[in-house]
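Colleague: I am attaching a structure below and will ask some questions about it afterwards.
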Amino acid sequence: MALTNDIVKQKLTDKFGEQLTDWEVPYGIMAFRAPAEMNLKVMQFLYDDEELRFRFMTDLTAVHYPDRKGEELCVVYHMHNLTDNIRLRFKIYVPVEKPDVYTASKLFSAANWMERETYDFFGINFIGHPNLIRILNVDEMDYFPMRKEYPMEDPTRRDKDDEMFGR
Amino acid sequence: MSEQLTNTQHHIKLSEESLQKQTTTLNLGPTHPATHGVFQNIMEIDGERVLETVPTIGYIHRAFEKIAERRPYYQITPLTDRLNYCSSPINNMGWHMTIEKLLGLKLPKRIEYLRVIIMELSRIADHLVCNSVIAVDTGALTPFTYVFQYREKIYEIFEEICGSRLTTNIGRVGGFERNFTPASFTKLNDFLKTFPKVMKEFESLLNRNRIFMDRCIGAGPISAERALNYGFTGPNLRAAGVDYDVRVAQSYSSYEDFDFKIPVGTVGDVYDRFMVRNGEIWESVSIIHQALEKIEKIEKEFPEQKDVFFAKEAEHFHIPAKEDVYTKMEALIWHFKIIMGEIDAPAGEVYHSVEGGNGEVGYYLISDGGRTPYRLHFRRPCFIYYQAYPEMVENGLLSDAIITLSSLNVIAGELDA
């Protein structure tokens, strides 16, 4: 029987129970939230399970939500089961003061640079990463530019703000 | 003279060990005639053998993801042009489709087929550049100069459709900015008539060429397992023997209506990658033929479809024709609203991917309902697979490292975002 989102959800809830939350299926890709320290366990289970077989890491990135106190930074993983052709997205949230996340680079070589990029732009500290240094920005940079507190243009410029457009 | 060289005050300071070292450190790049882009590799070589290489990237990083957070959706299309600039129309279409997915738009078949034509043309252009450049790096300049004329012809078709050539900004949300002119179809048919002969000649110059084969076979191989672990997609993954193609796996823009094969390789070396791309060029030609037939069929059945170049439901995203803007109130309002980025997009999270020239180009868009994305992340295939480069070239020859780099089709613009 072909693998469906419901079976994936069932298997994950059987294994991890209530720890996985916020289940939804936006635009066809099932998404859920895992506790920050569980990311590797979830990934390893998705990888090892004979039925799930999510053995391809499509994408790894982060999002900054400055208004969510205690969980400002969100790391997003996109996994793909190429055999059954089904995608999955899961997120973990970490506080901006202590953005520690376990590295996935031991499981997926692809995660190596993607984690470096995420560190470079968001300052996520991937614990256990073999070479966590900046990748696209200059080495001397002392801030993480994709965080929302760094405006792209001159911060005094108001003409491009949303409120100028009736919002 | 000798005094000057041994002078300790000399400004070049070498470390103590450097005199005892038996190997050579070679700085290949950032600008080097053999790297076709801004790539730096610091290599440790023993004679001609590469022992270790450390790629440095980011020389042309332009912060597209940050810029995108302050731009209305239609202004992000030009940013996608500059990712993989060898096949920018595919990136443009992928971005339009992401927004269409967010809005839940369904396009008329004619538009989707026209998009397929554009995307396949740019795939041909992309693969032509890559494959002929592999030949250049092995020392054969003739095929390159020969097929580049046909890339030029593809660019002329793009020019006829959208007005620009390399960074195309082609298409709009919900369709195209204007209908295809009869001249663009003439140029397309002319291309389809003349190109296969040239492609055959290109293949007969290289495919079974003893010198070319000896240079490419066995150079820079990667196994299917390692390629998957490294997140390879596109022709590079298929050369390793995995038949994953986004056009088939997550069909978009009506690719499911077309009949085409996915060429695969076996060992994932330079020659396999070269052959897979050649095979894909032929499949693209066949897809374009099929698309033209389908469009003709639609137009014969429903003559009014001839003028359909954008979806009716997407008119709030489509800049009206200039003469309407000057004469009609409604058109003027929409023109103003679109240009000022006043169009609401629903809040939501979308991941959409298309089969780009060198792999799965993904767009991860988080919209909070504002005029700009809250966060936009580009899944850039070559950023992900270029990290396998050291593993692929180590313990090989330096000259193999050069052709491996060109056969991977790493595009600096996409690598550095």
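Each value in this text was obtained by applying a stated rule to the coordinates, not by laboratory testing. Keep in mind that what you see is a predicted model, and the values were worked out from it rather than measured. When we count neighbours, we look across all protein chains shown, and the Cβ atoms used for this are built from the backbone with ideal geometry, even at glycine.
Colleague: Which residue, B:Asn92, B:Asn27, B:Asn179, has the most motion in a Gaussian network model of chain B that connects Cα atoms within less than 10 Å?
Modeller: B:Asn27
Colleague: Excluding residues fewer than 8 places away in the same chain, name every one of the lysines whose C-alpha is closer than 21 Å to that of A:Lys98.
Modeller: A:Lys41, A:Lys69, A:Lys148
Colleague: Another one. What percent does the relative contact order of segment A:5-144 come to when contacts are Cα pairs within less than 8 Å and at least six residues apart?
Modeller: Contact order relative to length: 18 percent.
Colleague: For each of A:Asp67, B:Asp269, B:Asp257, count neighbouring Cβ atoms within 10 Å of the residue's Cβ, then give the residues from fewest to most.
Modeller: Placing the least packed residue first, the sequence is A:Asp67, B:Asp257, B:Asp269.
Colleague: Where does each of B:Met199, B:Met340 land when they are ranked from fewest to most other beta-carbon atoms within 10 angstrom?
Modeller: B:Met340, B:Met199
Colleague: If you rank B:Met392, B:Met329 by fewest surrounding Cβ atoms within 10 Å, what's the result?
Modeller: By the 10 Å Cβ count, ascending: B:Met329, B:Met392.
Colleague: Which percent, to the nearest 5, of DSSP beta bridges fully inside segment A:5-144 are antiparallel?
Modeller: 75 percent
Colleague: A further question follows. I need the trypsin sites (Lys or Arg not before Pro) found in segment A:61-114, filtered to DSSP loop residues with at most 16 other beta carbons within 10 Å of theirs.
Modeller: Values: sites: A:Arg68, A:Lys69, A:Arg87, A:Arg89, A:Lys91, A:Lys106; in loops: A:Arg68, A:Lys69, A:Lys106.
The qualifying sites are A:Arg68, A:Lys69, A:Lys106.
Colleague: While we're looking at this one, here's another question. State to the nearest 20 debye the size of the charge dipole of segment B:260-417 about its Cα centre, where the only charges are +1 on K and R beta carbons and -1 on D and E beta carbons.
Modeller: 140 debye
Colleague: Return the whole-Å distance between the Cα centroid of segment B:91-132 and the Cα centroid of segment B:238-272.
Modeller: The distance from the Cα centre of segment B:91-132 to that of segment B:238-272 comes to 16 Å.
Colleague: In the structure shown, do any of B:Lys109/B:Lys294; B:Lys153/B:Lys200; A:Lys11/A:Lys91; B:Lys261/B:Lys306; B:Lys106/B:Lys306; B:Lys193/B:Lys294 have a Cα-Cα gap over 20 Å, and if so which?
Modeller: Over 20 Å apart, Cα to Cα: B:Lys261/B:Lys306.
Colleague: Let me ask you something else. Relative to the longest principal axis of chain B, what angle (0 to 90°, nearest 10) does the C-alpha long axis of helix B:142-162 take?
Modeller: It works out to around 30 degrees.
Colleague: Sequence neighbours fewer than 8 away in the same chain don't count; with that in mind, list the lysines whose C-alpha is under 21 Å from B:Lys337.
Modeller: Correct list for B:Lys337: A:Lys160, B:Lys312, B:Lys322, B:Lys328.
Colleague: Rounded to the nearest Å, what's the spacing between the alpha carbon centres of segment B:142-160 and segment A:113-154? Just the number, please.
Modeller: Their Cα centres are 40 Å away from one another.
Colleague: Of the options B:Gly348, B:Gly362, B:Leu205, report the single residue whose Cα projects farthest towards the positive end of the charge dipole of chain B (beta-carbon charges: Lys, Arg +1; Asp, Glu -1).
Modeller: Going by the charge dipole, the pick is B:Gly348.
Colleague: Once all Cα-Cα distances of segment B:64-416 are split into 10 Å bins that start at 0, what whole-number percent is in each one?
Modeller: Histogramming segment B:64-416 at 10 Å steps yields 5, 25, 33, 23, 10, 3, 0 percent.
Colleague: Report, to the nearest 10°, how far helix B:329-339 tilts away from the longest principal axis of the Cα atoms in chain B, using its own Cα long axis and a range of 0 to 90°.
Modeller: 20 degrees
Colleague: Another question, if that's okay. Obtain the radius of gyration and the Kirkwood radius of chain A from its C-alpha atoms and give Rg over Rh.
Modeller: 1.02
Colleague: Another question, if that's okay. If you place +1 on the Cβ of every Lys and Arg and -1 on the Cβ of every Asp and Glu, how big does the dipole about the Cα centre of chain B come out, in debye to the nearest 20?
Modeller: About 680 debye.
Colleague: Build a GNM of chain A with springs between Cα atoms under 10 Å: which of A:Val138, A:Val63, A:Val101 gets the top mean-square fluctuation?
Modeller: Evaluated over chain A, the most mobile residue of the options is A:Val138.
Colleague: Taking the 0 to 90 degree range and rounding to the nearest ten, how far is the long axis of helix B:398-407 tilted relative to the main principal axis of chain B, both from C-alpha atoms?
Modeller: Rounded to the nearest ten degrees, it is 0.
Colleague: When the dipole is taken about the Cα centre of the protein assembly as shown, and only Lys, Arg (+1) and Asp, Glu (-1) are charged at their Cβ, what size is it in debye, to the nearest 20? All intermediate terms of the calculation are to be shown ahead of the outcome.
Modeller: Details: 66 positive and 86 negative charges, 174 e Å.
Dipole magnitude for the protein assembly as shown comes out near 840 debye.
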